[in-house]
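J.: Got a structure for you, questions after.
Where a number appears in this text, it was derived from the coordinates with a stated rule and is not lab data. Predicted model only: the values in this text are computed from it and were never measured. All Cβ positions, even for glycine, are placed from backbone atoms using ideal geometry, and neighbour counts span all protein chains on display.
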Amino acid sequence: MPLTPAILALNLASLTQSLLLVLAAGFAIQILRHWDLSSGSERQLGLERRTYLIATLVAWVFGGNLLSLLLFVYNAEQLSTQFVGAMCATGVLNANPWGWPTLGLKISLFFAGAAWLILNGVDNQAPDYPLVRPKYALLLLIAPLALAEVTAQALFFTALNPDLITSCCGSLFSPEGGGVAAEIAGLDPAVSLAALALSGLALLATGLRYWRRGRGGGLFALLAALTFGIALTAIVSGVALYVYEHPHHHCPFCLLKSGHDFVGYGLYVPLFAATALALGAGLMEVWRSAPSLKAIIAIRGPRLAGLSLILFALFYGLATWLVLRSNLLLLGPI
């Protein structure tokens, strides 16, 4: 596959980000071995000064990972015109064995990065930095993930061959096909949409409880993770049908096309962001008993939950509107 400027930019950005995370991981080892806030040694003072630099560096890296995820999907969509049999990004991702793993690794990096940024923000508010060791231990787990992502992406783009005929989204997201995608596409739209509505109501109830009373942050995070899976399933098995106004077109990537007003971005961006915020709020609850964090988490946790609920509301509002405006009467008059 010829290396276009977009592909080169994606590979270069991912390589730079992964190398910076490896550099940060090296510093994380020093933190885990030598961090001692009660010490006034020269080494401790040096570690304290460098934590601000490394944290800023890592924040930029994770921000870049978010853009990399969006650009990867967008670039796959644009490349679909160069492959016989491909109608959208699905065909490009199916063109070789590295497409879907690369997408999965980028999504994993997004959520891991969001969790780290949230922990770092909380830790910086406390005078004794109680989360220094946990957040840098997490960084040690994220760095190999970044190396796997940049490797998979490079293999994916270099192995692309426009001369090969790839499968279209209709064959992958089809009840008659095989695999997880086919099973999701084969779900009853009424069941998946009902599950989406019920999970949304449960999420709203627990989120409002946590926002108003500061209780149930862990439950809110668990429900957000569950709702995330249900939402993606409902998009494929139900919402997409109403957008395309076709009872057999389940592709989640064609929603990103201009012919459908790019509604996919309106669904996926708030859904992913809302889930990341909710998971971050729940993760903070693990350290709620720490004396220096108790008051901080009591304020920041509900705030994250409130912002998460707003983003979830945007997702649910758009999904509902897409169903109601459609001319497809799949479930009867609504």
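J.: Would you mind telling me which numbered condition in (1) of a type in the set (Gly, Ala, Ser); (2) under 21 Å from TRP116 (Cα atoms); (3) not in a helix (DSSP H, G or I) SER14 fails?
T.: The number of the failed condition is (3).
J.: Continuing with the same structure: Scanning for something in a helix (DSSP H, G or I), free of Cβ contacts under 8 Å to residues at least 40 places away in the same chain and over 28 Å from PRO5 (Cβ atoms), does the range 73-94 turn up at least one residue?
T.: Within the range 73-94, not a single residue is in a helix (DSSP H, G or I), free of Cβ contacts under 8 Å to residues at least 40 places away in the same chain and over 28 Å from PRO5 (Cβ atoms).
J.: Of the numbered conditions (1) closer than 27 Å to VAL180 by Cα; (2) of a type outside the set (Val, Ile, Thr); (3) not in a helix (DSSP H, G or I), ALA290 satisfies every one except a single condition; which is it?
T.: (1)
J.: Are any residues in the range 216-253 within 16 Å of the chain's Cα centre (by Cα), free of Cβ contacts under 8 Å to residues at least 24 places away in the same chain and assigned to a loop (DSSP other than H, G, I, E, B), and if so, which ones?
T.: none
J.: Now, a different point. Out of the range 228-261, which residues are under 23 Å from LEU204 (Cβ atoms) and among the polar types (S, T, N, Q)?
T.: THR233, SER237
J.: Something else: Quickly run through the range 70-124 and pick out the residues that are closer than 15 Å to LEU160 by Cβ, surrounded by fewer than 20 Cβ atoms within 10 Å (Cβ to Cβ) and small (Gly, Ala, Ser).
T.: Answer for the range 70-124, where residues must be closer than 15 Å to LEU160 by Cβ, surrounded by fewer than 20 Cβ atoms within 10 Å (Cβ to Cβ) and small (Gly, Ala, Ser): just GLY85.
J.: Just for the range 242-254: of the residues that are under 17 Å from GLU183 (Cβ atoms) and in contact with a helix residue (DSSP H, G or I) (Cβ under 6 Å, 6 or more places away or on another chain), which one is surrounded by the fewest Cβ atoms within 10 Å (Cβ to Cβ)?
T.: The extreme case among them is PRO252.
J.: Moving on to the next point. Considering only the range 311-324, state which residues are over 17 Å from ALA202 (Cβ atoms) and without any contact (Cβ under 8 Å) to a residue 24 or more places away in the chain.
T.: GLY317, TRP321, LEU324
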